[in-house]
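Take a look at the structure below.
The values are calculated or read from the model by the stated rules, or taken from the named source; none is laboratory data. Treat the numbers as computed from the prediction; the structure is a model and nothing was measured. Here Cβ is always computed from backbone atoms with ideal geometry, including for glycine, and neighbour counts include all displayed protein chains. Note: areas computed on protein heavy atoms with side chains; ligands, DNA, RNA excluded. Shrake-Rupley method; radii C 1.70, N 1.55, O 1.52, S 1.80 Å.
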Amino acid sequence: MVRVQRMLDACAELLDEAGYSDLSTTRIAERAGVAIGSVYQFFPDKRAITQALGLRYLDLFTARVRERLAAGGHGHWTQAADAIIDEYLEMHRSVPGFRSLHFGDVVDTRLLDSQNENNRVIATRLRQLLTSVGGAGESEDLDRAVTVAVEAADAVLKLAFRSDADGDPRLIEETKILLRNYLGHHFG
């Protein structure tokens, strides 16, 4: 629906400009060029709009990672892991609102799914990609390893962007090294 997409786009722009605390349904409606009633027709409040935006980002991230992995050129799983990090970095640098919202932690650690923390939702998506596109076998070990990898990468990448608006390249490389070593311990 075009109106909803305009509202989500407006939300993304406003998040980049002023942050979540200054976001309001009124400002979103004004920016999107819709009546405030249209916003409330689809979203009860600003949290619901940011939740929809976070889910849109998750779907976009999943699709883009799937494309990268399906395109091949990843002779070893370490290259696939690097490609996942590279896609996150690309979105952080180029997708409006993503830098401010990521996958929703600035609003609520359970924004994407009320039953699971955001990083758990992301880990589940990545595990599904690794099994469907990457050919990895389902296992408890894979589930745990991907969860730990997502948590570790999230922490170091947040640090990288805290000290440099484009992401400190040394910390980004450290993230990749950390993942290669950790996952290599489990999967060779």
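Listing for the model above:
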item: Residue satisfying condition, being of a type in the set (A, V, I, L, M), crowded, with 17+ Cβ neighbours inside 10 Å, part of a loop (DSSP other than H, G, I, E, B) and within 19 Å of the chain's Cα centre (by Cα), within set Leu111, Leu130; result: Leu111
item: The one condition in (1) surrounded by fewer than 16 Cβ atoms within 10 Å (Cβ to Cβ); (2) at pLDDT 85 or above that Asp141 fails to fulfil; result: (2)
item: Qualifying residue in region 145-156 (condition: surrounded by fewer than 19 Cβ atoms within 10 Å (Cβ to Cβ) and over 19 Å from the mean Cα position of the chain (by Cα)); result: no
item: Flag if Glu174 is charged (D, E, K, R), surrounded by 13 or more Cβ atoms within 10 Å (Cβ to Cβ) and without any contact (Cβ under 8 Å) to a residue 24 or more places away in the chain; result: yes
item: Complete set of residues in region 84-93 that are over 15 Å from Thr131 (Cα atoms) and open to solvent by less than 60 Å² (accessible area, probe 1.4 Å); result: Ile85, Asp86, Glu87, Tyr88, Leu89, Met91, His92
item: Subset of region 30-74 (residues that are surrounded by fewer than 17 Cβ atoms within 10 Å (Cβ to Cβ), over 23 Å from the mean Cα position of the chain (by Cα) and β-branched (Val, Ile, Thr)); result: Ile36
item: Qualifying positions in region 11-26 - polar (S, T, N, Q) and either touching a helix residue (DSSP H, G or I) at 6+ places or on another chain (Cβ under 8 Å) or surrounded by 12 or more Cβ atoms within 10 Å (Cβ to Cβ) (or both); result: Ser24, Thr25, Thr26
item: Hey, Arg64 of a type in the set (Lys, Arg) and under 29 Å from Leu183 (Cα atoms) or not; result: yes
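Let's see how each residue does on (1) closer than 24 Å to Val106 by Cβ; (2) of a type outside the set (Phe, Trp, Tyr); (3) open to solvent by 50 Å² or more (accessible area, probe 1.4 Å); (4) in contact (Cβ under 8 Å) with a residue 12 or more places away in the chain:
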{"position": "Val4", "(1), (2), (3), (4)": "yes, yes, no, yes"}
{"position": "Asp9", "(1), (2), (3), (4)": "yes, yes, yes, yes"}
{"position": "Ile28", "(1), (2), (3), (4)": "yes, yes, no, yes"}
{"position": "Asp82", "(1), (2), (3), (4)": "no, yes, no, yes"}
